[in-house]
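For reference, the structure discussed in these notes is given below.
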Amino acid sequence: MAGTPEKRICRNCGELFIPNWRNRHRQWFCQKPECRKASKASSHESWLKDNPKYFHGYEHAERIQGWREANPERARSQRAKAKKAHPNRADRLDNQAPTSAQGHLSESSEGGSLEPGVVLQDFIMRNPLMLGLIGRVCGCVLQDDFEKAVSQLLSEGAEAQRRMRVEGLRGNAYES
């Protein structure tokens, strides 16, 4: 007869639990709903590390477009959920993009305050030339990839501007 089952400490909540006997060598999270979500997130993150290019490339863009065509109601409901989760972003995306990025970085047309770069990011996402350049340089194909790349480029640009302002206050270090 086997001894008492080995108890483990859940990697999410830190409580002791008895793993399922079929998965006792692989189970590191207890069965609480929040711990199961953490387990799913952990295994998904691990899988993405092992398969970094899985969702990149034209064949995946075609696969996703095919799925959206085959499941129009589901694709529409997912877009509706995204609009509910981010209502300000959805409103800005529905409006026409500004013709000039200058003067639109800190305020929307309604006069409300936006985080810096949001309207500029929307402008970039609507500009085919910018999308083509970013796609060529960063290797982006899917919309999510473009959004991540644009966010990264905007934050790096803002950091470069900040450093330039700081250097400008100190005087140009490169002048002799």
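Remarks
- Answer from Glu59, Glu115, Glu107 - the residue that is acidic (Asp, Glu) and either in contact with a strand residue (DSSP E or B) (Cβ under 9 Å, 6 or more places away or on another chain) or at pLDDT 80 or above (or both): Glu107
- Hits in the range 126-160 - residues which are of a type in the set (Gly, Ala, Ser) and either part of a helix (DSSP H, G or I) or in contact with a Lys or Arg (Cβ under 6 Å, 6 or more places away or on another chain) (or both): Gly132, Gly135, Ala149, Ser151, Ser155, Gly157, Ala158, Ala160
- Of all residues in the range 20-59 being charged (D, E, K, R) and farther than 30 Å from Cys140 by Cα, the one that is surrounded by the most Cβ atoms within 10 Å (Cβ to Cβ): Lys32
A quick yes/no check of all residues on (1) at pLDDT 85 or above; (2) among the aliphatic types (A, V, I, L, M); (3) within 22 Å of Arg68 (Cβ to Cβ):
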site	(1), (2), (3)
Leu131	no, yes, yes
Gly135	no, no, yes
Leu142	no, yes, yes
Met164	no, yes, no
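- Checked against (1) without any contact (Cβ under 8 Å) to a residue 12 or more places away in the chain; (2) in a loop (DSSP other than H, G, I, E, B), Leu48 meets all criteria but (2).
The values are calculated or read from the model by the stated rules, or taken from the named source; none is laboratory data. All values derive from a computational prediction rather than experimental measurement. As a convention, Cβ positions derive from the backbone with ideal geometry for all residues, glycine included, and neighbour counts pool all protein chains shown.
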